[in-house]
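Just so you know, all these numbers are worked out from the coordinates, no wet-lab data involved. Please read all numbers here as calculations on a predicted model, not as lab measurements. Cβ atoms come from the backbone with ideal geometry, glycine included; neighbour counts cover every protein chain shown.
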Amino acid sequence: MRSPLRLGLLLLALSLAGPVARAEPRKQVVVLVGLPGAGKTTLAKSLASELRAPYLTCGDVVRGWIAAQKLPYTPENDKLASQHFAKTPGEIARQLTQKIEAAPDRIAIVDGVRSPADLKVLKASFDVKVIALRAPAKLRYQRMLERGRFANEDVDYLRARDRREIGLGVLHVLRAPFARVDMRGPLSEVPSQAKALARALSEKP
């Protein structure tokens, strides 16, 4: 049995130590990954609306760098930006991390992570859930050509873009995801897919 003196000293030490601080739960970041034209942006925006979460895209960081160089947004400069960020692994994610940490929201949706280095940076600060999107190349190319982002875009350019993103490591990011989503269907199915993902994210730790 402890003596009254030892017990008193123990209680004094505990009172001086104050309450034990509890670590704040990490923010959740849902990362949508897939090759160009798979439907990442469409699903990401729908999921962000469903979860009432902010939507961020790696493409904005890329376009921001191009604009900072005072260059127009063209296929050539898009490739130039890709080469720049390939030489600075994780830089895109570091810029996104600053925005996510500054926001009050407990969850964020990120579209377009391409490299293992960017994924690693996000995982260092957040609870990351990767959503892998799948769609055949023919359908992806058709969607992008119909979108007409660049006037001189063609299938050869889109194939080269695929190879560039694969070179950055996007296939590694697609491995062992939290969920896989088949994007071969019409875009009218996206809201229901977003609802299903939102339920899965809320149910699983």
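General remarks:
- For region 77-127, the relative contact order is 47 percent, taking Cα pairs closer than 8 Å that sit 6 or more residues apart in sequence and dividing their mean separation by the residue count.
- Between Asp127 and Arg180, the modelled labels are 2.5 nm apart [label points 7 Å from Cα along Cα→Cβ].
- Relative to the longest principal axis of the Cα atoms of the chain, the long axis of helix 155-168 lies at roughly 30 degrees.
- Per-peptide average of other Cβ atoms within 10 Å, ordering 70-77, 172-179 highest first: 172-179, 70-77
- Rounded to 10°, Cα long-axis angle of helix 58-68 versus longest principal axis of the chain: 70 degrees
- Average Cα contact separation per residue, the chain, under 8 Å, 6 or more apart, as relative contact order %: 33 percent
- Given R0 = 41 Å, the distance between the Cβ atoms of Gln142 and Lys120 translates into a calculated FRET efficiency of 0.80.
- Inter-label distance, nm, simple model (7 Å from Cα along the C-beta direction), Asn152/Lys99: 2.9 nm
- Between Arg26 and Glu189, the simple spin-label model (points 7 angstrom out along Cα→Cβ) gives 3.3 nm.
- Rounded tilt (10° steps) of 116-125 against the dominant C-alpha axis of the chain: 30 degrees
- Taking 18 Å as the limit for the C-alpha separation, the pairs Lys120/Lys195; Lys45/Lys120; Lys129/Lys195; Lys70/Lys99; Lys79/Lys129; Lys138/Lys195 exceed it in the case of Lys120/Lys195; Lys45/Lys120; Lys70/Lys99; Lys79/Lys129; Lys138/Lys195.
- In the chain, the DSSP beta bridges split such that about 0 percent are antiparallel, to the nearest 5.
- Each peptide in 137-150, 101-114 gets a packing score, the mean of other Cβ atoms within 10 Å over its residues, and the list from highest to lowest is 101-114, 137-150.
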